[in-house]
Amino acid sequence: MKYAILGDIHSNLEALKAVLADAREQGVTHYACVGDIVGYNSNPKECLEIMRDLNVKAVRGNHDHYCSHDENLSGFHPLAADVVDWTRRQLSEEESQYLHQLKYVQNVETFTIVHSTLDTPEMWGYVFDKLEAEANFNYQITSICFYGHTHVPIAFEKGDGIRSGLYGKIKVGLGRKYFINVGSVGQPRDGDPRSAYAIYDMMSNVIELRRVAYDFRITQQKIRDAGLPGRIAARLAVGR
Ligand SMILES: [Fe+2]
């Protein structure tokens, strides 16, 4: 079984299509999503339909949460709040219900998926450092947990202590725990504008981070055509 783990797609149809083409080339057979299918970019309905057609196992991201029901957006950055408001108006009742019934945490095969962190998933905390990862590990029962939310790929490995860093390929070791950020399909923020996602080959027990280029100029034009904030389009070119 070969899983593609996608996250933070954020309504970016061009990026999603490029990633799925790469995943198919790599022989991926199953799909999981660490949340935020919608928000920011201009194709929420299309991205949602594709992911549902793939029979994806998904958890709820903060944008999925706020885009799918009326709740005060005071905690949101004004730019993001504008798009949440816009996305709410695009989604059908049925699409909103799908997003809103997604769990915060889900076990898939032998691993776990969460958008933010296992200790308080509904608080939408960000895990950037070892201290934050440690809090997560206290609640992590499976050897591997994939997450998103920061849009920055990074791996934490817990053995005697916790090690962290960028990753290319990880051979999963016995008796160790891994908390792995798969990066963002639709709005990377690590300075690399290419989409990011991970492949977990359950036969060889290897996790690989993939980067895929796509034509973000099309996505940028669609954002402007939809009347969404120009800064959301601009950031796609620089991966911030
Ligand atoms: Fe996100």
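Residue count for the range 76-87 satisfying the condition of being open to solvent by 50 Å² or more (accessible area, probe 1.4 Å) and under 20 Å from the mean Cα position of the chain (by Cα): 1. In the range 88-117, the residue that is nearest to Asp160 (Cα to Cα) out of those that are open to solvent by less than 30 Å² (accessible area, probe 1.4 Å) and in a loop (DSSP other than H, G, I, E, B) is Thr117.
Just one residue in the set Tyr98, Tyr40 is within 16 Å of the ligand (Cβ to nearest atom) and within 23 Å of Pro121 (Cα to Cα); that residue is Tyr40.
Residue pairs whose Cβ atoms lie under 6 Å apart, sitting 6 or more positions apart in sequence or on different chains, and linking a residue in the range 96-107 that is under 16 Å from Val38 (Cα atoms) to a partner that is of a type in the set (S, T, N, Q) and surrounded by 13 or more Cβ atoms within 10 Å (Cβ to Cβ), are Ser96/Ser68; Leu99/Ser68; His100/Ser68. If you go through the range 118-149 and keep only what is crowded, with 20+ Cβ neighbours inside 10 Å, within 16 Å of the ligand (Cβ to nearest atom) and not small (Gly, Ala, Ser), you end up with Pro121, Val127, Phe146, Tyr147, His149.
Here Val206, Val185, Val172 are screened, and the one residue that is surrounded by 12 or more Cβ atoms within 10 Å (Cβ to Cβ) and in contact (Cβ under 8 Å) with a residue 60 or more places away in the chain is Val185. Of all residue pairs spaced 6 or more apart or on separate chains, those with beta-carbon atoms under 8 Å, a first member in the range 46-66 that is over 20 Å from Val108 (Cα atoms) and modelled with pLDDT of 95 or more and a second member that is among the aliphatic types (A, V, I, L, M) and assigned to a helix (DSSP H, G or I) are Glu46/Leu13; Cys47/Leu13; Cys47/Leu16; His63/Ala80; His63/Val84; His65/Leu99; Tyr66/Val84. Just one residue in the set Leu6, Leu20, Leu13 is closer than 24 Å to Gln106 by Cα, touching a residue at least 24 places away in the same chain (Cβ under 8 Å) and more than 15 Å from the ligand (Cβ to nearest atom); that residue is Leu20.
The values are calculated or read from the model by the stated rules, or taken from the named source; none is laboratory data. Quick caveat, the model's predicted, so the values are computed rather than measured. Here the Cβ is made from the backbone with ideal geometry for all residues, glycine too, and neighbour counts use every protein chain on show. Each accessible area value is taken on the protein alone, full model and side chains, heavy atoms only, with ligands, DNA and RNA left out. Shrake-Rupley method; radii C 1.70, N 1.55, O 1.52, S 1.80 Å.
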